[in-house]
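One structure is given here, and the rest of the page talks about it.
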Amino acid sequence: MRLILEPLRLSGAIPNVKQQWCLPQMDLNHAELEDDTRLLCLMMDGEERGFVDLYRKYQGPVYRFALQICGIRHIAEEVTQETFLSLIRTPRNYHADRGPLLLYLFGIARRLVWKSARRERVYEAIDSDRDLAVSLPEFANDFARKDEAKRLRHAILSLPRKYREVIVLCSLQELSYEAAARVVGSSVGTIRSRMHRAKQLLLRKLREAGSLGGAAHSDLFLSGPRGLDYDV
């Protein structure tokens, strides 16, 4: 177990928000489930490479997810580390028949983020200069694009937690309502109704802030099959 913990010391392995501009789409297919199960078995048998491969595979998506719902880099980094420590401590809590490992890790990260938020009282706090923009399609005017992105990210982070997390899961992470329900631990109907309300709140916040362009682009991304890319 000592060897398995070694990779967690490599905090530099967590991607820098300035190095990656697009959220890669995760292909959670049957082959992935089988591969993850094999790596988990290796980890539980004390094989360091089992955990190392899982950590390298999923630490990026877990970090981005945590960052998207909390907006605070140091919390996202701590949550990422604690999520994988939880996997080491209780690997048998994951059951492959209930869904992909990534969704299970998202569920752990989600609980840790809200726990940290309660402890540090930083539900919506975000530094105005923090590197957490949403990357909109390329426009000729780069300054205007970044300004709209900043307004959109602030609007997302100002949503109540139950609406913010469904926007992140369904629009940014591009999960289905069924997958999001597994992460949150609620029914598909609840996710659907929260998503509907979240769209209304987000558009209203953007319009009240005078971001007509941001509202228009967010309306497109919320109604389309693909979400906006985060520059994480």
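Please treat every number below as a calculation from the coordinates, not as lab data. These numbers come from a predicted model, not from an experiment. Methodologically, a virtual Cβ is constructed for each residue, glycine included, from the backbone with ideal geometry; neighbour enumeration extends over all protein chains shown.
Under a 5 Å amide H to amide H cut-off, with H placed in plane at 1.01 Å, what residues pair with Leu159 once short-range neighbours are removed?
none
Lys/Arg Cβ at +1, Asp/Glu Cβ at -1, dipole of the stretch 56-100 taken about the Cα centre: which of Tyr63, Pro100, Thr80 is farthest positive-ward?
Highest projection toward the positive end goes to Pro100.
Give the calculated FRET efficiency between Arg207 and Ser186 to the nearest 0.05, with a Förster radius of 25 Å applied to their Cβ-Cβ distance.
Values: r = 29 Å, r/R0 = 1.14.
That pair, Arg207 with Ser186, gives E of 0.30.
Would you report the distance distribution of C-alpha pairs in the stretch 25-105 as whole percents per 5 angstrom bin, up to the bin with the largest distance?
Per 5 Å bin, starting at zero, the Cα-Cα P(r) for the stretch 25-105 comes out as 3, 15, 26, 26, 18, 9, 3, 0 percent.
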